[in-house]
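The values are calculated or read from the model by the stated rules, or taken from the named source; none is laboratory data. Nothing here was measured: the structure is a model prediction, and the numbers come from that model. Virtual Cβ from ideal backbone geometry, glycine too; neighbours counted across all protein chains shown. Accessible surface areas use protein heavy atoms only, side chains included; no ligands, DNA or RNA. Shrake-Rupley method; radii C 1.70, N 1.55, O 1.52, S 1.80 Å.
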Amino acid sequence: MMEDSSTPTLEDSPFQVKGSVHPRMLTEEDRDRLQKQDTKIVSDFKQQKLEKEAQRNWDLFYKRNSTNFFKDRHWTAREFEELANSQKDTPLVLLEAGCGVGNFLFPLLQENPPLFIHACDFSPRAVQFVKDNPQFTSDRCNAFQCDLTKDDLRDSVPAASVDIATLIFVLSALHPDTMGAALENIHRVLKPGGCVLFRDYGLYDHAMLRFAPGHKLADSFYVRQDGTRAYYFSTEELAELFTAAGFSIESNEYVLRETVNKKEGLCVPRIFVQGKFVRTESGQKHDMTIAKQDENRTVYTNKGSAGERECSCSSGKHEN
């Protein structure tokens, strides 16, 4: 659904850190900001109103911004090897949950001629933008409106027919109480062994710390000025959500990327969570497995140089 317009592409942000240990240590200023957020929590009445008007707020977002807000996501195939491999192997069926206006699906269709994509979004207006795109063809894409938390995906996508599902900056837009239902919904249309490729906002992302008092809904959950909401995940929370919905964990890590604002001379840390979660044969809950990592070593990858460099380092976020 929603990703920061300031979220960098790989080329825009050469420095990237991945790991199971949270990459950011809060400063006193950071803690002070978080404490101030707690002084004014959004009222229950307004929170209920935001939930009822969630679809309307997303429709208004796309009405204001049309197809111009986000950049095309050409980086996804580089970040997720499964998408790159879809160009070589047997034709795959993909579900993009939260397709927006097609910034992910159209580059992917262009790069993968055999691929078929089911694309859905909460906003009817966004889905119409997808269908109105000159690149859209019903032979290769099935676009439909869907509330992942309520509407059964099997009404539009055959059960157990999808090889790969993507949740790219989507789950964070849902109320935390409904996230499990959305994952179970996706689970039903995945083939056994099919996977969810996931990327979203991470705990203590720069955007999270920027919220002023009056925007906090609950722990790690905030509302933006336009009424859309954002949740900031820990890897532990993700593990619990996916295992409860019948997935095993293949990868689940933090991603730290530095965004440089050249105009203001600022370098801000963006923190995301990224993972791959696989539908199990039985669909039953599995014990969480947590990868072990040397807490005193983090690998920095410099993709801006001719070759990738690694160095050891002691390890002691749509903006609102």
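Go through the stretch 89-121 and give me each residue that's under 17 Å from Q145 (Cα atoms) and not aliphatic (A, V, I, L, M). If you could, list the steps in order and put the result at the bottom.
Start the filter on the stretch 89-121 by keeping residues that are under 17 Å from Q145 (Cα atoms), which leaves 94-105, 117-121.
Result: E96, G98, C99, G100, G102, N103, F104, H118, C120, D121.
Which one is modelled with the lowest pLDDT, of the residues in the stretch 82-97 that are surrounded by 19 or more Cβ atoms within 10 Å (Cβ to Cβ) and either within 14 Å of C141 (Cα to Cα) or hydrophobic (A, V, I, L, M, F, W, C) (or both)?
Per the criteria, the residue is L83.
Quickly run through the stretch 116-148 and pick out the residues that are assigned to a helix (DSSP H, G or I) and either touching a helix residue (DSSP H, G or I) at 6+ places or on another chain (Cβ under 7 Å) or under 23 Å from T178 (Cβ atoms) (or both).
Our first condition is that a residue be assigned to a helix (DSSP H, G or I); within the stretch 116-148, this holds for 124-132.
Residues satisfying the conditions are P124, R125, A126, V127, F129.
Consider the stretch 178-187. How many of its residues are open to solvent by 10 Å² or more (accessible area, probe 1.4 Å) and within 12 Å of F247 (Cβ to Cβ)?
The first filter runs over the stretch 178-187 and keeps only residues open to solvent by 10 Å² or more (accessible area, probe 1.4 Å), leaving 178, 180-181, 184, 187.
Subsequent filtering for residues that are within 12 Å of F247 (Cβ to Cβ) retains 180, 184, 187.
Selection size over the stretch 178-187: 3.
Can you tell me which of K262, K191 is at pLDDT below 95, over 17 Å from the mean Cα position of the chain (by Cα) and open to solvent by 10 Å² or more (accessible area, probe 1.4 Å)? Show your work before the answer.
Working: K191 fails: at pLDDT below 95.
After applying the criteria, what remains is K262.
Residues in the stretch 160-177 that are assigned to a loop (DSSP other than H, G, I, E, B) and open to solvent by 10 Å² or more (accessible area, probe 1.4 Å): how many?
Of the residues in the stretch 160-177, the ones assigned to a loop (DSSP other than H, G, I, E, B) are 160-161, 169-170, 174-175.
With the extra rule that they be open to solvent by 10 Å² or more (accessible area, probe 1.4 Å), the set shrinks to 160-161, 174-175.
Matching residues across the stretch 160-177 total 4.
Before we move on, is P113 more than 26 Å from A181 (Cβ to Cβ) and of a type outside the set (K, R)? Break it down stepwise before answering.
On the way: more than 26 Å from A181 (Cβ to Cβ): yes; of a type outside the set (K, R): yes.
Judged against the criteria, P113 is a match.
Can you run down the residue pairs with Cβ atoms below 6 Å, 6 or more apart or on separate chains, where the first is in the stretch 235-250 and at positive phi and the partner is at pLDDT 95 or above?
Within 6 Å, the pairs are G246/H187.
When you go through (1) under 30 Å from P91 (Cα atoms); (2) open to solvent by 10 Å² or more (accessible area, probe 1.4 Å) one by one for V273, which number turns out not to apply?
So the condition that V273 fails would be (2).
Being closer than 28 Å to R64 by Cβ and either acidic (D, E) or touching a Pro at 6+ places or on another chain (Cβ under 9 Å) (or both) is the filter; apply it to the stretch 116-159 and report the residue that is most open to solvent (accessible area, probe 1.4 Å).
Top of the filtered list is D132.
Of all residues in the stretch 155-185, which are under 17 Å from F104 (Cβ atoms) and within 13 Å of the chain's Cα centre (by Cα)?
A165, T166, L167, I168, F169, V170, L171, S172, A173
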